[in-house]
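Asks: One structure coming up, written as structure tokens, with questions to follow.
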Amino acid sequence: MERAPLAIVWPCRLSVAEYAAAGKRIDVPRQACPDCGRTLAWWSGYWRWLRDRVAVRVWVRRGRCRTCRRTHVLLPDLVHERRLDSVEVIGEALERSIGGRGMRKVAAAIDVPTSTVRDWRRRHRARAPALLARFAGLAVGLGDDLADLPTTLEAAALAALAAAWARARDRVAGVAASMWRFWNVVCGGRGLVTNTSPRLGTARTPG
Ligand SMILES: [Zn+2]
């Protein structure tokens with residue numbers, strides 16, 4: 001059975017505007033095949049929209065393993081799969097909203113519809129146990145004792161993320177440039193994907 005293309009999320013040093021300005025000339029670091037470890041060959045790509053206050057068109061490269069004959073989407077860490085907004089916009093909204101700010105105010109501050117912020121929150125709430133487990137495991141593995149985690153799941157997931165990020169930034173070379181990009185790399189671009197079959201999503205409608 002042919003499997004759907006799998007996204008590989010790579011740490012990118014560029015802003016959304018810089019990434020967009022590079023167009024098809026975007027310099028993507030060579031990636032290894034997740035199945036056999038061989039270096040992927042470039043395999044065209046596709047245009048998509050990415051919004052960071054303003055929407056821009058960005059080119060996303062694909063790589064292909066000649067041995068496994070599978071293609072992989074090479075997502076820069078500023079892009080979340082199937083979301084129009086950049087991960088930093090999504091993350092900022094999640095932080096403010098989970099921190100107690102009203103969704104309407106959060107949405108107005110970042111200029112997206114309230115329904116969009118509500119959708120992000122709903123998905124984050126559904127994913128919170130898995131996110132908490134993942135980032136708590138990472139943080140502990142990197143030497144954090146995770147003292148005083150908040151008692152609500154979503155806030156605890158955020159605190160574990162912050163702890164893991166703080167440790168990773170000090171200890172891991174080439175780590176992502178911001179906390180939410182780090183979140184996106186760890187989640188493989190699917191932090192808010194509630195589908196329980198993580199490798200089966202193929203639709204590319206942003207939003
Ligand atoms: Zn391979």
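Asks: So which of Val140, Val172 ends up being modelled with pLDDT under 95 and over 18 Å from Leu192 (Cα atoms)? Break it down into steps so the answer makes sense when it comes.
Replies: Details: Val140 fails: modelled with pLDDT under 95.
When all the criteria are applied, what remains is Val172.
Asks: Then there's this: Need pairs with beta-carbon distance below 8 Å; first residue under 11 Å from Asp144 (Cα atoms) and within region 155-173, second of a type in the set (Val, Ile, Thr) and surrounded by fewer than 19 Cβ atoms within 10 Å (Cβ to Cβ); sequence gap 6+ or separate chains.
Replies: Filtered contacts from region 155-173: Ala168/Val175.
Asks: Scanning region 2-15 for residues that are touching a Pro at 6+ places or on another chain (Cβ under 9 Å) and under 20 Å from Trp180 (Cα atoms), which turns out farthest from the ligand (Cβ to nearest atom)? I'd like the intermediate steps shown before the answer.
Replies: So in region 2-15, the residues touching a Pro at 6+ places or on another chain (Cβ under 9 Å) come out as 6, 8-12, 14.
Then keep just the ones that are under 20 Å from Trp180 (Cα atoms); that gives 8-12, 14.
On the way: Ile8: 12, Val9: 18, Trp10: 17, Pro11: 21, Cys12: 23, Leu14: 27 Å.
Checking each candidate, the answer is Leu14.
Asks: Given the residues Ala4, Ala17, Ala93, which is the only one that is surrounded by fewer than 18 Cβ atoms within 10 Å (Cβ to Cβ) and modelled with pLDDT of 95 or more?
Replies: Working: Ala4 fails: modelled with pLDDT of 95 or more; Ala93 fails: surrounded by fewer than 18 Cβ atoms within 10 Å (Cβ to Cβ).
On inspection, the qualifying residue turns out to be Ala17.
Asks: Considering only region 37-44, I want to know if a residue exists there that is aliphatic (A, V, I, L, M), within 16 Å of the ligand (Cβ to nearest atom) and surrounded by 12 or more Cβ atoms within 10 Å (Cβ to Cβ). Steps first, answer last, please.
Replies: If we filter region 37-44 for residues that are aliphatic (A, V, I, L, M), which is where we start, we get 40-41.
With within 16 Å of the ligand (Cβ to nearest atom) added as a condition, the list becomes 40-41.
When the remaining residues are screened for being surrounded by 12 or more Cβ atoms within 10 Å (Cβ to Cβ), the result is 40-41.
Among the residues of region 37-44, at least one is aliphatic (A, V, I, L, M), within 16 Å of the ligand (Cβ to nearest atom) and surrounded by 12 or more Cβ atoms within 10 Å (Cβ to Cβ), which makes the answer yes.
Asks: Would you check if Val56 is among the β-branched types (Val, Ile, Thr) and more than 16 Å from the ligand (Cβ to nearest atom)? Break it down into steps so the answer makes sense when it comes.
Replies: On the way: among the β-branched types (Val, Ile, Thr): yes; more than 16 Å from the ligand (Cβ to nearest atom): yes.
For Val56, the condition - among the β-branched types (Val, Ile, Thr) and more than 16 Å from the ligand (Cβ to nearest atom) - is met.
Asks: So Asp111 passes all but one of these: (1) at pLDDT below 95; (2) surrounded by 17 or more Cβ atoms within 10 Å (Cβ to Cβ). Which condition number does it fail?
Replies: Among (1) at pLDDT below 95; (2) surrounded by 17 or more Cβ atoms within 10 Å (Cβ to Cβ), Asp111 violates only (2).
Asks: When you scan region 83-97, do you find a residue that is among the basic types (Lys, Arg) and closer than 23 Å to Ala159 by Cα, even just one? Before you say what the answer is, go through the steps one by one.
Replies: Going residue by residue through region 83-97, those that are among the basic types (Lys, Arg) are 83, 96.
Filter again for closer than 23 Å to Ala159 by Cα, leaving 96.
Yes, because at least one residue in region 83-97 is among the basic types (Lys, Arg) and closer than 23 Å to Ala159 by Cα.
The values are calculated or read from the model by the stated rules, or taken from the named source; none is laboratory data. These figures come from a predicted structure and were not determined experimentally. Cβ: placed from backbone, ideal geometry, glycine included. Neighbour counts: every protein chain shown.
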